Amino acid sequence: MMDAVLSTFLKPLIGILDAVRILLAVIVCILPIIFRYISKGKRAFSKLDELFIFMSSLPGGRFIFNRLLLWITSTYTETVRPTVTKLTPSGATVFVDNQVWMRNPFNSIHALALGNLAEMSTGLAVICATQHRKGVRAIPTRINLEYLKKARGRITATSKVALPSVSGPYDCVAELTNSQGEVVCKGTVTWQVSVKDS
């Protein structure tokens, strides 16, 4: 009951604070973003990992990437407030902190919040990998979650990707660990990979 009361007041307050932080970060970052776009043109922000590295180098840039850009591209996933810490063509690392509105009656993070985190981690990794290979596309077709332990505190999802060279299904696994390094959940997302013949 207390969690419901806290959620009712905390979530809108955190949303307002995020809006203020985004506004301040945009003010600080706007000139470097414009300069990069002018100097590189359309290629300035064409690859997700390069955008992540660029935004991470700016004061408040990583916050903009994690809140504003992810909210625009994946509104539902933003409900768990994920934070990307690593993004390369070979993998991604994303974490969530235990928020009141993500808890189940057992005082641990809700099962589908973990599924959301697993899907996001594999999704960022696979999308980033496809952007570095011409003629390759991928779309998720299935998600399988294996819950191993109650998820409490900060949960970090790590996924590694090595896309196949031929079209077909590809399983990308996200391992979700708690702050003690214990695996609390494994999420396997099946992606249908399409490779155009060169």
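Scanning segment 64-108 for residues that are free of Cβ contacts under 8 Å to residues at least 60 places away in the same chain and in contact with a Cys (Cβ under 8 Å, 6 or more places away or on another chain) yields Ile64, Leu87, Thr88. The single condition among (1) without any contact (Cβ under 8 Å) to a residue 60 or more places away in the chain; (2) under 19 Å from the mean Cα position of the chain (by Cα) that Val166 does not meet is (2). Restricting Val126, Val100, Val94 to those that are among the β-branched types (Val, Ile, Thr), surrounded by 23 or more Cβ atoms within 10 Å (Cβ to Cβ) and over 16 Å from Asp171 (Cα atoms) reduces the list to Val94. Which condition number does Arg133 fail, the rest of (1) in contact (Cβ under 8 Å) with a residue 12 or more places away in the chain; (2) assigned to a loop (DSSP other than H, G, I, E, B); (3) farther than 22 Å from Lys47 by Cα being met? Among (1) in contact (Cβ under 8 Å) with a residue 12 or more places away in the chain; (2) assigned to a loop (DSSP other than H, G, I, E, B); (3) farther than 22 Å from Lys47 by Cα, the lone unmet condition for Arg133 is (3).
Which strands (runs of 3 or more DSSP E) does segment 136-178 wholly contain that include 1 or more residues that are farther than 19 Å from Thr93 by Cα and polar (S, T, N, Q)? Outline the logic, then answer.
Numbers: elements: 136-147, 155-160, 168-177.
Of the strands (runs of 3 or more DSSP E) lying wholly inside segment 136-178, those with at least 1 residues that are farther than 19 Å from Thr93 by Cα and polar (S, T, N, Q) span 136-147.
A search for C-beta distances below 6 Å between a residue of segment 42-56 that is without any contact (Cβ under 8 Å) to a residue 12 or more places away in the chain and any residue that is assigned to a helix (DSSP H, G or I), counting only pairs 6+ apart in sequence or on different chains, returns Ala44/Arg36; Ala44/Tyr37; Phe45/Leu51; Ser56/Arg62. Just one of the listed residues (Ala111, Ala44, Ala129) is assigned by TED's automatic domain parsing to the domain that holds Asp197 and either out of contact with any Phe, Trp or Tyr (no Cβ under 9 Å at 6 or more places or on another chain) or at pLDDT below 85 (or both), and it is Ala129.
The values are calculated or read from the model by the stated rules, or taken from the named source; none is laboratory data. On a predicted model such as this, the values are computed, not experimentally measured, just so you know. When we count neighbours, we look across all protein chains shown, and the Cβ atoms used for this are built from the backbone with ideal geometry, even at glycine.
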